[in-house]
Amino acid sequence: MTKILNSENVKTIAYLGTSGSFTEMAKDYFCSKYALNAYQMPFRTIEEVIQYIESDDDAVGIIPFENAKEGVIRESTDNLIKSSGKEIYILSETILPSNNCLLSKNSEIYNISGLIAPSPAIAKCSEYIKNELPMHLNIINTSNIEEAARLLNSYNLTYAIIGTEKTAEIYNLNILNPNINNDKNNQTKFIMVGRFKTLPSENSTSSIAICIEDTPGKLFSIVQELANRNINISYIHATPSKMDINEYILFLDIKGHIDEPNVKDALESIKNHTTYFRFMGSYERI
């Protein structure tokens, strides 16, 4: 396991989402893995999480980074790029299944006649709702899972909500059916970010974001710098930079840690081939 230097100094954990969210579940994972015992602060947006980390040297943030079905989460990459002057790094990652559950105070699924849930959750679980719940199900829309869980107290035992295992834990609800998503195999990658450093491990990965000139051979030059040092590229992704319709930011994950001499030397050489360079952290690859 990658060691986070001075992790005992973490005083605050900022994370995205309301009570019972998938990001809160990721936060619990990181707290357990690194024995973090800090004040926990939920935020409404990824931007607010990153802004808080920028303002507090003793804080870490937990945000979603990539979904197996929907791809890279632009709000996360964009806000990390915007923080380039604050030395915020990716410290760790985890991958969690995006499993929605049918939850209720009732213990019998055949008693359910109403459903309380946000529209996105209903859409993700539409096949289950259509095929497994009553045809004339009374559906009440909410803005988020937390609101649904709180609203459930105002209805009788025949109502259920769509939530997570964490929602069931927090609000003492029964899981009538787990993983009711249309896509049974959907997963989300979450990252922990902060202004701390890590030590090398056997599975260390380093992430960078770069821009290069739109000329022949520029990308080859980047790949060549890594190949010359026997460094593997495990991931590459391009997104529009939002500055110019013809300009793209390339995100690369490479094998190794920034403290390893060949990796450090490669990254220094890559800078010479770029118009923009951002080291995003070295951490343990899952």
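Taken together, the residues in segment 105-135 that are touching a Leu at 6+ places or on another chain (Cβ under 8 Å) and among the aromatic types (Phe, Trp, Tyr) amount to 1. Determine whether segment 243-251 contains at least one residue that is touching a Leu at 6+ places or on another chain (Cβ under 9 Å) and either outside the structural domain of Gly194 (by TED's automatic domain parsing) or in contact (Cβ under 8 Å) with a residue 40 or more places away in the chain (or both). Scanning segment 243-251 turns up at least one residue that is touching a Leu at 6+ places or on another chain (Cβ under 9 Å) and either outside the structural domain of Gly194 (by TED's automatic domain parsing) or in contact (Cβ under 8 Å) with a residue 40 or more places away in the chain (or both). When we screen Tyr34, Tyr15 for residues that are surrounded by fewer than 20 Cβ atoms within 10 Å (Cβ to Cβ) and aromatic (Phe, Trp, Tyr), the only hit is Tyr34. Of the residues examined, Asn181 is one that is part of a loop (DSSP other than H, G, I, E, B) and buried (at least 17 other Cβ atoms within 10 Å of the Cβ). Taken as a whole, the structure places Thr23 among residues that are crowded, with 20+ Cβ neighbours inside 10 Å, of a type in the set (S, T, N, Q), under 17 Å from the mean Cα position of the chain (by Cα) and outside the structural domain of Cys125 (by TED's automatic domain parsing). Take Ala59 and decide whether it is in contact (Cβ under 8 Å) with a residue 60 or more places away in the chain, on the phi < 0 side of the Ramachandran plot and within 27 Å of the chain's Cα centre (by Cα). Yes; evaluated as a whole, the condition is true for this residue. Does segment 192-211 include one or more residues that are under 21 Å from Lys264 (Cβ atoms), among the acidic types (Asp, Glu) and at pLDDT 95 or above? No, that holds for no residue. Only a single criterion out of (1) under 30 Å from Glu8 (Cβ atoms); (2) not assigned by TED's automatic domain parsing to the domain that holds Asp57 is not satisfied by Tyr171, namely (1).
Can you say whether Glu93 is charged (D, E, K, R) and surrounded by fewer than 20 Cβ atoms within 10 Å (Cβ to Cβ), as far as the supplied structure shows? Judged against the criteria, Glu93 is not a match. Which residues, counting only those in segment 264-277, are of a type in the set (A, V, I, L, M, F, W, C), part of a helix (DSSP H, G or I) and touching a Lys or Arg at 6+ places or on another chain (Cβ under 8 Å)? Ala266 - this is the single residue of segment 264-277 that is of a type in the set (A, V, I, L, M, F, W, C), part of a helix (DSSP H, G or I) and touching a Lys or Arg at 6+ places or on another chain (Cβ under 8 Å).
The values are calculated or read from the model by the stated rules, or taken from the named source; none is laboratory data. All values derive from a computational prediction rather than experimental measurement. Positions of Cβ are backbone-derived with ideal geometry, glycine not excepted, and every protein chain shown enters the neighbour counts.
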